[in-house]
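We did not get these values from a lab; they are worked out from the coordinates using the rules stated. Every value quoted in this text rests on a predicted model; they were computed, and no experiment measured them. Reconstructed Cβ throughout: ideal geometry from the backbone, glycine too, with neighbour counts over all protein chains shown.
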Amino acid sequence: MERVRNIGFIAHIDAGKTTVTERVLFFTGRTHKIGNVDDGNTVMDWMPQEKERGITISAAATACEWNGYDVNIIDTPGHVDFTAEVERSLRVLDGGVVIFDAVSGVQPQTETVWRQANKYGVPRIAFVNKMDRSGADFNHTVDMITHRLEARPVPIQMPIGAEDEFRGAIDLIEEVAQIYGEEATAPEIMPIPAELLDQVAQCRDYLFEKVAETDDALMEKYLEGKTISKEELKAALRKATISNTLVPVLCGTALKHKGIQPMLDAVIDYLPSPDDIPNIEAIDPRNGETVTRATQPDESLAALAFKVAADPYGRLVFIRVYSGTLKSGSYVYNASKETDERIARLVLMHANHREEVQELVAGQIGAVVGLKNTFTGETICDSDSPIILEPPSFPEPVISVSVEPKTQADQERLEDSLRKLAEEDPTFVVRYDEESAQTIISGMGELHLDVLVDRMKREFNVQAQVGRPRVSYREAITEHVRVEGRFVRQTGGHGQFGHVWLELEPLESGGGLVFENKIVGGAVPREYINPVKAGVMEALDNGAMAGYPVVDVKVSLVDGSFHPVDSSEIAFKIAGSMAVKEGLRKAKPVLMEPYIEVEVVTPGEFLGEVLGDLSGKRGRVQNIEGEGDLQTIKALVPLAEMFGYATTVRSLSQGRASHSMEFHHYEEVPDNVAQQVIVNV
């Protein structure tokens, strides 16, 4: 177990994750030819859409061996539209390598993945890539990690040269120089050049000081001026990394094959094995109590399904085994669904290639063929000791389009393909709009939906017509109201009777939907409480203004009455629904729209044009930072105004500006805009 590492490469788009992964696979002997993103021949970006666009869309898993250690790797996407892939990967990984562009430093999506890693407590090391590019600055990147990410980076390497003079790095712990040639070979180990000795001494002093701060015994030695051995330093740094106190920083340029081997050594030396991770905590569904499981093969089984892939050869469920042993051909229990499942086959993945195995033990990541009813975030375990592991959480979709089959023959295939794609991707939502009689698909952005529609055409042979993108608006209430819902039907013989009083009150942004039963006594019998709740939740799916889902509201059942003969579950469900619809009309509803955080990097000469355009889109500029000739603008802008912005920003800057977008929050729509939205609906 201590010779296993489960790691992921995470970063902003185009920082070099896939390029690093390809070099890792080559230097570990897993592949014999180095793939390049620009040539479309990488092992990890195997989907046709990935090859064409030169970006990672789906997190791909692989495994390799380095110095006797098994390294399981997940290469994640960098584009914000595919943030769910990063989220679920980080949920099951023990460690991460965060890759930084030496020129751009900390970029917007780097901040997002860093927050995701913080949420799951994933230890990290940093790799400053592209040291050979014009404008590369190792120290500036380390400073940005400190200030923007509020982390504590400690360089364990010092670059030798930069830009076109980058030749290698100095290992500050081993006190040697690692010089790289032009070929994809191991670095040549040499003594430190005399002219760099003073600088190395300063860097080593800083390293010793930062590591000593995390270890009392080392601090004592450091203050007394005693010699600290390499072994003591490494052990203390490993402990500090695993506890998320420090982040070791290395450097290189993956495209020129420089810095990969020391980075792999750092993965082994400083990132945790499954043994180093605390016992996993879970919930016992029988009593709701918290239980723990040790990462041991002889414990009861506990595994988390973190990804589903629709495959031409069958449905693949990716899992991380936390405790126990999973065997091919065995029966397991899905504690989330309370159903039994059979494991047909177990495989280890190498991108889209499979390697069949007979068992997966605690600490391993693999995939299962044969699980028919297991989906992302569900737990499989032994039926005699069921537990539920914490599932990954995913953001709500913010953009929608209508999709219709071109021919009658495409209709059935369309439904099947949408179902399979929705199984794979928790941020892809499909619903049927009764009023417009259209199928509406929702996702995280224009690129996200574009890729999914392209997959429908290629993988499932579905020809579909796609409508214009639409924003996923929401509705909220602004006043506290008390309303009555009364459903009475008397048709001779057995009738229907349901009667409730509800209170609706607005919650803070992000408060969600809350239902509370405040009835004391038997005004509404206990068996009718859940039907009332079901009616309430159903009614909240369609707001009073434009039929959009209602958010941030608390509904309390405060009173009611029943009939001993005529009352039924359906009557109380309808009464609850009627009361909510009445309450939504009375509570002064407002329309809410998604705002996104936009970061535009533009040459200074185009700053005025870009700012003018953003303000014309109802944007609010949050910050402007200058770095040389480049200006970085951060602004909050309504998503509705940002369709086709990639083309706009190119034309404003003669193609020299770049931008990135990320969902930020929902906010009330101004009255004049709200009226237009309602008219369009």
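At most 11 other Cβ atoms within 10 Å and a DSSP loop assignment: could you name the trypsin sites (Lys or Arg not before Pro) in segment 259-357 that fit? Each step should come with its number before you reach the end.
Working: sites: R286, R293, K307, R315, R320, K327, K337, R342, R345, R354; in loops: R286, K337.
Answer by residue number: R286.
Cut-off is 10 Å between beta-carbons; in what order do W66, W114 appear when sorted fewest neighbours first?
Working: W66 18, W114 23.
The fewest-first ordering by Cβ neighbours comes to W66, W114.
Relative to the longest principal axis of the chain, what angle (0 to 90°, nearest 10) does the C-alpha long axis of helix 529-539 take?
Tilt of helix 529-539: around 80 degrees.
Cα axis of helix 408-424 to longest principal axis of the chain: angle in degrees, 0 to 90, nearest 10?
60
State, in angstrom, two size descriptors of segment 146-223 derived from its alpha carbons: Rg to one decimal place and Dmax to the nearest whole number.
14.9, 45
Rank the residues F643, F208, F127, F318 as a footprinting-exposure proxy: fewest other Cβ atoms within 10 Å of their Cβ go first. Write down the numbers at each step before the final one.
On the way: F643 15, F208 19, F127 28, F318 23.
The order, fewest Cβ neighbours first, is F643, F208, F318, F127.
Counting pairwise Cα distances across segment 475-587, what percent come out greater than 21 angstrom? Walk me through the numbers before you get to the answer.
On the way: 2004 of 6328 pairs.
Result for the distance tail: 32 percent.
Given a Förster radius of 45 Å and the C-beta distance between H665 and T227 as r, what FRET efficiency does 1/(1 + (r/R0)^6) yield to the nearest 0.05?
Working: r = 53 Å, r/R0 = 1.18.
Efficiency, from the Cβ-Cβ distance: 0.25.
Among 101-109, 561-569, 247-255, how do they line up from the highest to the lowest mean number of other beta-carbon atoms within 10 Å?
Values: 101-109: 22.1, 561-569: 15.4, 247-255: 24.7.
Per-residue mean Cβ counts within 10 Å order the peptides as 247-255, 101-109, 561-569.
For segment 138-179, take the convex hull of the Cα atoms, compute a quarter of its surface area, and give me that in nm², please. If you can, show how the numbers build up before the last one.
Details: hull surface 12.7 nm².
Seen from a random direction, the Cα hull of segment 138-179 projects 3.2 nm² on average.
Provide the packing ranking of 230-242, 497-509, i.e. peptides ordered by the mean count of other C-beta atoms within 10 Å per residue, highest first. Walk me through the numbers before you get to the answer.
On the way: 230-242: 17.8, 497-509: 20.2.
In decreasing order of mean packing, 230-242, 497-509 become 497-509, 230-242.
If you stretched the chain out fully between A294 and A646, how much longer would it get, using 0.36 nm times the residue separation minus the C-alpha to C-alpha distance? Could the numbers behind the result be given before it?
Numbers: separation 352, 0.36 × 352 = 126.72 nm, distance 4.89 nm.
121.8 nm is the gain from fully extending A294 to A646.
Hey, what number do you get for the chain at 222 nm if only DSSP H runs of n ≥ 4 count, each worth -39500 (n - 2.57), divided across all residues, to the nearest 500?
Numbers: 16 runs with 186 residues, N = 681.
Helix contribution divided over all residues of the chain: -8500 deg cm²/dmol.
Tell me the angle of helix 260-270 to the major Cα principal axis of the chain, expressed in degrees between 0 and 90 and rounded to the nearest ten.
70
Taking every DSSP beta bridge that has both residues in the chain, what percent is antiparallel when rounded to the nearest 5? Could the numbers behind the result be given before it?
Numbers: 121 of 150 bridges.
In the chain, approximately 80 percent of DSSP beta bridges are antiparallel ones.
Pairs of Cα atoms under 8 Å, at least six residues apart: use those to get the relative contact order of segment 469-621, whole percent.
Details: 301 pairs, mean separation 54.2, N = 153.
This gives 35 percent for segment 469-621.
Can you tell me how much longer the chain between D454 and Q408 gets when fully stretched, taken as 0.36 nm per residue apart minus their C-alpha distance, in nm with one decimal? Mind dumping the intermediate values first?
Details: separation 46, 0.36 × 46 = 16.56 nm, distance 1.94 nm.
Net length gain for the segment: 14.6 nm.
For the chain, state what percent of all Cα-Cα pairs lands in each successive 10 Å bin, counting from 0 Å until the bin that includes the largest distance.
That works out to 3, 13, 21, 24, 20, 12, 5, 2, 1, 0, 0, in percent per bin.
Take every DSSP beta bridge whose two residues both sit in segment 475-587, then give the antiparallel share in percent to the nearest 5. Walk me through the numbers before you get to the answer.
Numbers: 17 of 24 bridges.
For segment 475-587, the DSSP antiparallel bridge percentage is about 70.
Tell me, in nm to one decimal, what length is gained between E65 and E188 on full extension, where the rule is 0.36 nm per residue of separation less the Cα-Cα distance?
Separation in residues times 0.36 nm, less the Cα-Cα distance, equals 42.1 nm.
For the pair E390 and V481, what calculated FRET efficiency results from E = 1/(1 + (r/R0)^6), where r is the Cβ-Cβ distance and R0 = 41 Å, to the nearest 0.05?
For R0 = 41 Å, the calculated efficiency reads 0.70.
How large is the dipole of the chain about the Cα centre if only Lys and Arg carry +1 and Asp and Glu carry -1, each at its Cβ, rounded to the nearest 20 debye?
Working: 68 positive and 106 negative charges, 320 e Å.
Rounded to the nearest 20 debye, it is 1540 debye.
Among I596, I678, L607, whose Cα projects farthest towards the positive end of the dipole of segment 591-680, with charges put on the beta-carbon of Lys, Arg (+1) and Asp, Glu (-1)?
I678
Nearest 20 debye, what's the magnitude of the dipole of segment 475-587 about its Cα centre given +1 on Lys and Arg Cβ and -1 on Asp and Glu Cβ? Can you show the working numbers first?
On the way: 11 positive and 15 negative charges, 59 e Å.
In total the dipole reaches around 280 debye.
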